[in-house]
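See below for the structure under consideration.
The values are calculated or read from the model by the stated rules, or taken from the named source; none is laboratory data. What you see is a predicted model; the values in this text were computed from it and never measured. Cβ: placed from backbone, ideal geometry, glycine included. Neighbour counts: every protein chain shown.
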Amino acid sequence: MIPTIFVFLYLGVVLYIGIFAFRRGGKGDAEDYFVAGRSLGQFVFLLSLFGTNMTAFAILGASGHAFANGIVTFGLMASSSALLNPLSILLLGTRIWALGKEYGFLTPVQMFRDRWECGHIGTAIFVLQAGLLVPYIIIGVMGGGTVLATVSGGLVPYWFGAALVALVVMSYVFFGGMRGTAWVNTLQTVLFLSFGAIAVAVIGSKMGGFPANIAAMRADEHLAPLLTRERISPLFFLSYMFVPLSTMALPHMSIFCLTARKMAQFRRTVILYPLCILAIWLPCVYLGVIANKATEIPEIQAKRDARAALISGGASLSEEERARLRAQAGGDDVMILMLDQYAPVWLAGLLGAGIMAAVMASDSQILALSTMFTEDVFTYYGGKERFGEAVQIYTGRVFIVGVTIVAYIVALHAPPRIFDLAVQYALSGFAAMLPLLVAALFWRGSTKWGALAVTLWTTGAVTAIAVLQYVVPSPTGPPAPLWTVAGVDVISRTAGGTAVFGFLPVVPMTLISALLMWTVSLATPKPSAATIHRYFRPRGIAQ
């Protein structure tokens, strides 16, 4: 229980920071609660912005995906993210910050409503953004349950660990708002950035060092493919270039951009962001890959056996047996199992706290949902005018409780693989919404009807994928074609999700969104000349 105690102590520290230590000093109004009074300094802004984008998806999801697919995981997400995330922050984040500072926006929907002179269409955008954020929050709750269950050797059950993490996150977001969340994210980012180097040094050396580990895997015919791109098709690999396009379409990232004190803070953030990605993704992918070599750990050997049974059993397996084997083969917990095996007890506890730090970064998504609900629904439809600002903040807090409870309930029945859950739903949906954000910021001719078309298309596409994957079981081997035209597989069901013409669904979703925004906007009335002038008049660079 010693590593578990370390994690419990860490939860107590972040609870204190979020609720008490950094709740003081603000004005107590809505702007202070939801965007920290737009006053975050450089250090906190960089680390909290990065930390809010690196949740359980980056720590547990990356290592689990690498365990099953190999080093190709780094190329799929880290390489493209290191390029596209900073570029998105530079081109889109700075303009969101400037417009928010000038016009007082607290959410992206407020900007969309003002930019396109729309009302209920903005509400439709809010509903879609909220729906796509829920999987992200579920991932955080799942990660918390996974960490505590694994660190404690099963003494803390998954359901209790998930509930505890959800309660802690809900509490400091409830009381501390953006200021408390930002400071907690800063601590968390420092911890999980330090975790990577230490974990590689400890676990890697215990397993024989990098050259020996790679040589041993190359010599094993079953593990050698994990050191290549063999398990991922070229079209699937290229598809992942579209996933990081979701970065600035994520509402919690846009809202975090509004917290910066001045424009200059974005410059250092853009420079250091790729280095932060390298520091966290490289160790996680490496440890996930070499976990396949740790057969002296019974749980990892059982995962390999389950994976082999899935491949060899094929169509002869029942759906129940396939689901059981797939859950057993999941690798989201392999890094924690390796810590328990190879690290001293006290160090395993500290590193377990580092993993928990990344898992709990879902706090920003919960706060973003609360901000959006209070500003885009409660305030927009007259709640603030009738009941006052104090009730507005109270409503946001009640919404935080409701969202957390829903996320916890869903997490108890969610698919076991964190990486796939994030890519298939949350990140794909937000990537498809990027044309909406780009058009609002840079295209004079864009209209609210183009925005509505993108919103309806993204909603329909994500829903269709979810229904398809629920109705049609995933194959254990090669992709299973569902719709073929002239010998070309249009839609296929794959082991990890769905393919459209061999691509991840995010590719056609994003391209069709861009086409809809363009064609519908060309055919529909534009906003007033005064509104267009306000957004596209020459501006000086604020410092």
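Details
- For Gly154, the conditions (1) in contact (Cβ under 8 Å) with a residue 24 or more places away in the chain; (2) closer than 22 Å to Ala353 by Cβ all hold with the exception of (1).
- When each of Val169, Val184, Val190, Val173 is tested for being closer than 30 Å to Ala30 by Cβ, surrounded by fewer than 18 Cβ atoms within 10 Å (Cβ to Cβ), among the aliphatic types (A, V, I, L, M) and under 21 Å from the mean Cα position of the chain (by Cα), the lone residue that passes is Val190.
- Per-region count, segment 180-215, residues in contact with a Leu (Cβ under 8 Å, 6 or more places away or on another chain) and closer than 19 Å to Leu46 by Cβ: 8
- Test: Leu91 is surrounded by fewer than 24 Cβ atoms within 10 Å (Cβ to Cβ) and within 22 Å of Leu49 (Cβ to Cβ): yes
- Condition check for Thr455: assigned to a helix (DSSP H, G or I), modelled with pLDDT of 90 or more and under 26 Å from the mean Cα position of the chain (by Cα): yes
- All positions within segment 202-228 that are at pLDDT below 85 and closer than 30 Å to Val165 by Cβ: Gly204
- In segment 512-525, the residues that are in contact (Cβ under 8 Å) with a residue 24 or more places away in the chain and under 13 Å from Lys448 (Cβ atoms) reach residues that are aromatic (Phe, Trp, Tyr) and assigned to a loop (DSSP other than H, G, I, E, B) with C-beta atoms within less than 9 angstrom, at least six apart or across chains, in these pairs: Met517/Trp443; Ser521/Trp443.
Condition check ((1) in contact with a His (Cβ under 8 Å, 6 or more places away or on another chain); (2) buried (at least 17 other Cβ atoms within 10 Å of the Cβ); (3) without any contact (Cβ under 8 Å) to a residue 60 or more places away in the chain; (4) of a type in the set (Asp, Glu)) across all residues:
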{"site": "Ala343", "(1), (2), (3), (4)": "no, yes, no, no"}
{"site": "Phe378", "(1), (2), (3), (4)": "no, yes, yes, no"}
{"site": "Gly396", "(1), (2), (3), (4)": "no, yes, no, no"}
{"site": "Ile409", "(1), (2), (3), (4)": "no, no, yes, no"}
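- Residue match in segment 297-314 (condition: closer than 28 Å to Met1 by Cβ, touching a Leu at 6+ places or on another chain (Cβ under 6 Å), modelled with pLDDT under 80 and of a type outside the set (Lys, Arg)): no
- Qualifying residue in segment 284-293 (condition: part of a helix (DSSP H, G or I), touching a Leu at 6+ places or on another chain (Cβ under 8 Å) and without any contact (Cβ under 8 Å) to a residue 24 or more places away in the chain): no
- Members of segment 219-235 found to be assigned to a helix (DSSP H, G or I) and surrounded by fewer than 13 Cβ atoms within 10 Å (Cβ to Cβ), listed by number: Pro234
- Selection within segment 484-510: residues that are among the hydrophobic types (A, V, I, L, M, F, W, C), without any contact (Cβ under 8 Å) to a residue 12 or more places away in the chain and out of contact with any helix residue (DSSP H, G or I) (no Cβ under 9 Å at 6 or more places or on another chain). The member of this set that is surrounded by the most Cβ atoms within 10 Å (Cβ to Cβ) is Val490.
- Filter pass, Val391 being in a helix (DSSP H, G or I), without any contact (Cβ under 8 Å) to a residue 12 or more places away in the chain, farther than 21 Å from Phe112 by Cβ and out of contact with any strand residue (DSSP E or B) (no Cβ under 9 Å at 6 or more places or on another chain): yes
- Elements of the type helices (runs of 4 or more DSSP H) sitting completely within segment 37-131 and holding at least 3 residues that are among the charged types (D, E, K, R): these cover 94-103, 108-116.
- Being surrounded by fewer than 24 Cβ atoms within 10 Å (Cβ to Cβ) and either assigned to a loop (DSSP other than H, G, I, E, B) or not aromatic (Phe, Trp, Tyr) (or both) is a property that holds for Gly313.
Here is a yes/no grid of residues against (1) over 26 Å from the mean Cα position of the chain (by Cα); (2) without any contact (Cβ under 8 Å) to a residue 24 or more places away in the chain:
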{"site": "Phe266", "(1), (2)": "no, no"}
{"site": "Thr269", "(1), (2)": "no, no"}
{"site": "Thr295", "(1), (2)": "yes, yes"}
{"site": "Lys303", "(1), (2)": "no, no"}
{"site": "Arg322", "(1), (2)": "yes, no"}
{"site": "Val334", "(1), (2)": "no, no"}
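- Some residue of segment 259-269 being among the basic types (Lys, Arg), in a loop (DSSP other than H, G, I, E, B) and over 28 Å from Thr510 (Cα atoms): yes
- Selected residue [modelled with pLDDT of 85 or more and either at positive phi or within 20 Å of the chain's Cα centre (by Cα) (or both)] from Ile418, Ile465: Ile465
- Matching residues in segment 316-355 - criterion: being in contact with a Gly (Cβ under 7 Å, 6 or more places away or on another chain), of a type outside the set (Asp, Glu) and not in a helix (DSSP H, G or I): Gly330, Gly331
- Filter result for the condition that a residue is buried (at least 24 other Cβ atoms within 10 Å of the Cβ), touching a Gly at 6+ places or on another chain (Cβ under 8 Å) and in contact (Cβ under 8 Å) with a residue 12 or more places away in the chain, over Leu60, Leu106: Leu60
- Of the listed requirements (1) surrounded by fewer than 22 Cβ atoms within 10 Å (Cβ to Cβ); (2) under 18 Å from Leu83 (Cα atoms), Met253 misses just one: (1).
- Qualifying residue in segment 476-489 (condition: assigned to a helix (DSSP H, G or I) and either within 22 Å of the chain's Cα centre (by Cα) or modelled with pLDDT of 90 or more (or both)): no
- Conditions (1) hydrophobic (A, V, I, L, M, F, W, C); (2) outside any loop (DSSP other than H, G, I, E, B); (3) buried (at least 20 other Cβ atoms within 10 Å of the Cβ); number of the one not met by Val156: (2)
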